[in-house]
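Colleague: One structure, as structure tokens, below. Some questions next.
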Amino acid sequence: MTDKPTLAQLAEQLGARLRLAPGADAGLVPSGLNTLQDASDSQVSFLASANYRRFLAGTRACAVLLTEELAAECPVSALVVDDPYYAFARATSFYDTAPHAPGIHPSAAIHADAEVDASACVGAGAVIEARARVGAGAIVGANCVVGGGSEIGAGTRLHAGVIIYHGCSIGRDCIVHSHTVIGADGFGFAPHGGQWTKIHQLGGVEIGDEVEIGACTCIDRGALGNTVIGRGVKIDNQVQIAHNVRIGDYSAIAACSAIAGSATIGNRCTLAGGAGVVGHVTVADGSHITARTLVTKSIDSAGSYSSGTPFSDSRNWRRNAVRFGQLDEMARRLKDLERRLEILVAEGGQSREKE
Amino acid sequence: MTDKPTLAQLAEQLGARLRLAPGADAGLVPSGLNTLQDASDSQVSFLASANYRRFLAGTRACAVLLTEELAAECPVSALVVDDPYYAFARATSFYDTAPHAPGIHPSAAIHADAEVDASACVGAGAVIEARARVGAGAIVGANCVVGGGSEIGAGTRLHAGVIIYHGCSIGRDCIVHSHTVIGADGFGFAPHGGQWTKIHQLGGVEIGDEVEIGACTCIDRGALGNTVIGRGVKIDNQVQIAHNVRIGDYSAIAACSAIAGSATIGNRCTLAGGAGVVGHVTVADGSHITARTLVTKSIDSAGSYSSGTPFSDSRNWRRNAVRFGQLDEMARRLKDLERRLEILVAEGGQSREKE
Amino acid sequence: MTDKPTLAQLAEQLGARLRLAPGADAGLVPSGLNTLQDASDSQVSFLASANYRRFLAGTRACAVLLTEELAAECPVSALVVDDPYYAFARATSFYDTAPHAPGIHPSAAIHADAEVDASACVGAGAVIEARARVGAGAIVGANCVVGGGSEIGAGTRLHAGVIIYHGCSIGRDCIVHSHTVIGADGFGFAPHGGQWTKIHQLGGVEIGDEVEIGACTCIDRGALGNTVIGRGVKIDNQVQIAHNVRIGDYSAIAACSAIAGSATIGNRCTLAGGAGVVGHVTVADGSHITARTLVTKSIDSAGSYSSGTPFSDSRNWRRNAVRFGQLDEMARRLKDLERRLEILVAEGGQSREKE
């Protein structure tokens, strides 16, 4: 990050049209970003959803990112853009102060056979094993471990404590958060004589460019081939991705989701928090899986998919939940009632006919 | 921890009335604590639930924490208290042998601009970044990382491998278990042209005093403002707390629970294991969420809340589960039956009237 | 790992009968293993399931592990065995290239009172605390922490970043993957005056021989006695095992499962991904819990157990899910209909009798 931009520079960077309020100065350097409600007069805000329009008139922000349509209502300087949420997202990059230690910390343990680009940074206590490669401008955080022969693409940042096993590759311009583990063994055992024989996991993990992965997430290495994460995929915290899973480009997977072995997720899918996908199934491009849904069969066409039951107060829930265990019986009794009513109606008809 | 207390000292510390069994010695130093069934004659036990009363007569413990009401039944020395479970909890502190390395380990990497109190301990391989502050008596375990400008309150213990990102504050007398990550980026991206643009997470994390957090838990930094954990909150292992969540004082959150972005949990709530709360909702003070329940709407009043279905053998479960997908149809057929029966009864009445 | 075996050596190691294809050479050194479809002519494959039989005729593998029954169909050299999947599992061990740094890395911090066997390896940045013991041939990965007095059995491998608290014991020939935490405090607090008083967790963790544990898994120490994991148990990633849980020999627990405090899982049980078991219940030997099932009561006999609802497109799901909240009412209305129909039939009968 360089110096913070002036309003004029911000407009230029974001492709925004700056409409200054009376007396406002395009040379002002905003201190940061905030919501319409909470912004101080040194902060820029944004209006990206109709829900927040009611806060526009009262905002104290020095400027607001919004559409042409709403600019007339803006009581302060306006930064007019087509897509205010996207512009806001881009603007956040100017205010991110996440620091990192420069250079190679003397306590990092870099194997003599590893290749670390001269422009890369390696934090205290980090370990780079034999034949590993760290690309230009990459940042390997404190206490990270990059296993033998693994590759970290240019511009990628591993936050502190990330562990990459041997034989894995991470693309360019990725971000991996702390304590994520990439390349641990998939869970594979052959049963034999009432015990389990380990299937050594001989594949690796391949992660595309511009992927972000949250904290404490696990992506296992493949059993034979690789586990593959496509380009631009975004993965949240505590996600479990098993061996030989394939995730298509630009899919997004929210926290606590889990994808079992050899499942394939298409491009541009979204999995909401706690979603699950069983092994060996395929999820079509553009599918959306709602929170805590368990996908137990392949999904052939884009759409939104759900499972689960609604929550309620526990007393009512118990009353209804106990009936879940009687559902099949209820369905049979319903069918039986229908049959008996048919007969009765038929008989009634007959008796009426007889009348 | 200091030396173990004698029976008399234990009574004094816990505010218990010591009623010695014949021949017992108030100067005895018990070796530890155990259940009524398993205690040896050098261990103290406790009776905190009616379920265990049947074990009292046969206990070999040297003394038992119990209420006045049950003291007469105690075959050994009694430590009479109002709340035996609370007294037991307090007693455990005298027998905890969790060690920690004293002082600052020479392999710790402490930035010249960090402030570490002279009475704090920093373990091997720990990293304290620029402008971070570690309070009096705090313990930073082996291989922990405390990010730039973050603050660890006095008396707080970070077990080995905890990672605190930059700009976060942890209160006084907190305990954080291994591999928990505090302050990683929230999961925020703006969709644009079929790809995802990162929303840099500019807020921090604020954790109150006397908070305990389990292992492998994630608490993300806020997008704009902070993620806030109140005073005395207890959080278990593998819990996911997303950006801008607020958790009220003295709430307790069991393992594998997940709280999505900007949700607010009130004071003195409990979330049982695997509970989930979707984003942007509010859970009222004093709410109790049962295991694996997903809260999908705001909860306005204290109470117990549940979702899910009961488990059964898989064959029966399958029979009933398939009916779940027919529920709406079943409800319509039920309504239709009721309508038809009404008609039939009306007609029958008419025909009876005609008779 | 030693040099890769020739076909003849592979046959000998696996107890396979080698039936060479015309012109094939028993002295060939295969490069590795692969599926029937993907194997090159330098790779060995296997046929372990009837589903894959159709790929046998077209395989380019240099040899295939299969049963006598199918050997006649094999277009290349056959390695005839009784159980091809088990033979494949054993064969994977010859091709596993997972490296580890030899010896004791100079940056490891080994306490003067720790006992590390001369044949053990300790990676960079690892910390071995006072009175800990590391057995013959054990490997402690980079940045691991082995707490005071804990014991790592002979031949056991801790991958990078594993944390073992004080007073825990890990058996022989175990594998523990990165960032797993063993021995953190169980989640135990006594409520008192609207606050929580910590119950210090005085027990430890005992793990049997030949146990494998995945990445980011947590096994908490016992409150009073130990948490106990039996011999040959296999545990996947992100599993949560609470204080005083007992898991019987040779059970397997898939990713994201969670077992609450003091639950007992029998021998040779399997928990599929995301399974849950509430506290204080017992699960009988040989039980199988399907994915995401929550076991809320003790299971007395072996069998398969399930809970949850099927997934569907969200529109249909919503229609059905809303009916879940009406189930009890539906059941009552169904019963009422049956009663009323009975009356009607009885009356009809009477009226017909009267006719």
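Colleague: For peptide B:152-160, compute the average count of partner chain beta-carbon atoms within 10 Å of each residue's beta-carbon.
Modeller: Per-residue shielding by partner chains comes out at 2.
Colleague: Can I ask one more? What does the charge dipole of the range C:155-290 about its Cα centre add up to, to the nearest 20 debye, if the Cβ of each Lys and Arg holds +1 and the Cβ of each Asp and Glu holds -1? Please report the intermediate quantities before stating the final value.
Modeller: Values: 8 positive and 10 negative charges, 31 e Å.
I would put it at about 140 debye.
Colleague: Looking at chain A as a GNM with Cα springs under 10 Å, which of A:38, A:285, A:313 has the largest mean-square fluctuation?
Modeller: Checking each option, the largest mean-square fluctuation is seen for A:313.
Colleague: How far, in degrees from 0 to 90, does helix B:327-354 lean away from the longest principal axis of the Cα atoms of chain B, to the nearest 10?
Modeller: Value to nearest ten degrees: 40.
Colleague: While we're looking at this one, here's another question. Taking a threshold of 30 Å on the Cα-Cα distance, which of the pairs A:335/B:297; A:297/C:297; C:198/C:297; A:297/B:198; A:234/C:4; B:4/C:198 fall above it?
Modeller: Table pairs above 30 Å Cα-Cα are A:335/B:297; A:297/B:198; A:234/C:4.
Colleague: Starting from the alpha-carbon convex hull of the range B:218-265, give the projected area averaged over all orientations, in nm².
Modeller: Projected area, direction-averaged: 2.7 nm².
Colleague: In the range C:57-90, which GluC sites (Glu not before Pro) are in a loop and have at most 13 other Cβ atoms within 10 Å, using DSSP for the loop call?
Modeller: Taking the range C:57-90 and a limit of 13 other Cβ atoms within 10 Å, the loop GluC sites (Glu not before Pro) found are C:73.
Colleague: Round to a whole angstrom and tell me the spacing of the C-alpha centers of the range C:198-234 and the range B:151-208.
Modeller: 28 Å
Colleague: Counting only other chains, what is the mean number of Cβ atoms within 10 angstrom of the Cβ of each residue in peptide A:252-265?
Modeller: Average neighbour count from other chains, rounded to a whole number: 4.
Colleague: In the range A:1-107, with Lys and Arg counted as +1 and Asp and Glu as -1 at Cβ, which of these residues, A:94, A:58, A:42, has the Cα nearest the positive end of the dipole, that is, farthest along it?
Modeller: It is A:58.
Colleague: What is the helix-to-structure angle for A:314-324, meaning the angle in degrees between its Cα long axis and the longest Cα principal axis of chain A, kept from 0 to 90 and rounded to the nearest 10?
Modeller: Helix A:314-324 sits roughly 60 degrees off the main axis of chain A.
Colleague: Sticking with this one: Where the only charges are on Cβ atoms (+1 Lys, Arg; -1 Asp, Glu), what is the dipole of the protein assembly as shown about its Cα centre, to the nearest 20 debye?
Modeller: With only Lys, Arg, Asp and Glu charged at Cβ, the dipole is about 2300 debye.
Colleague: Right, here's the next one. To two decimal places, what compactness ratio does the range A:200-355 give when its Cα radius of gyration is scaled by 2.2 N^0.38 Å?
Modeller: With N residues counted in the range A:200-355, Rg over 2.2 N^0.38 Å equals 1.58.
Colleague: Using a Förster distance of 60 angstrom, determine the FRET efficiency expected from the C-beta separation of residue A:298 and residue B:25, and round it to 0.05.
Modeller: Working: r = 72 Å, r/R0 = 1.20.
That pair, residue A:298 with residue B:25, gives E of 0.25.
Colleague: How long are the three semi-axes of the equivalent ellipsoid of the protein assembly as shown, in whole Å, if each is the root of 5 times an eigenvalue of the C-alpha gyration tensor, listed from largest down?
Modeller: 46, 38, 38
Colleague: GNM on chain C, C-alpha springs below 10 Å: top fluctuator among C:188, C:23, C:274?
Modeller: Largest GNM mean-square fluctuation: C:23.
Colleague: Less than 12 Å from a label point 7 Å out along the Cα-to-Cβ axis of residue A:93: which backbone N atoms in the range A:1-35 qualify, by residue?
Modeller: Counting backbone N atoms under 12 Å from the label point, the list is A:1-2, A:13-15.
Colleague: Which value, in debye to the nearest 20, describes the size of the charge dipole of the range A:13-124 about its Cα centre when Lys and Arg Cβ atoms bear +1, Asp and Glu Cβ atoms bear -1, and nothing else is charged? Could the numbers behind the result be given before it?
Modeller: Values: 6 positive and 12 negative charges, 97 e Å.
Dipole size: approximately 460 debye.
Read-outs: derived from the displayed coordinates by stated rules, not from any lab. Computed from a predicted model, the values in this text were never measured in an experiment. For neighbour counting, all protein chains shown are included, and Cβ atoms are generated from backbone atoms with ideal geometry for every residue, glycine included.
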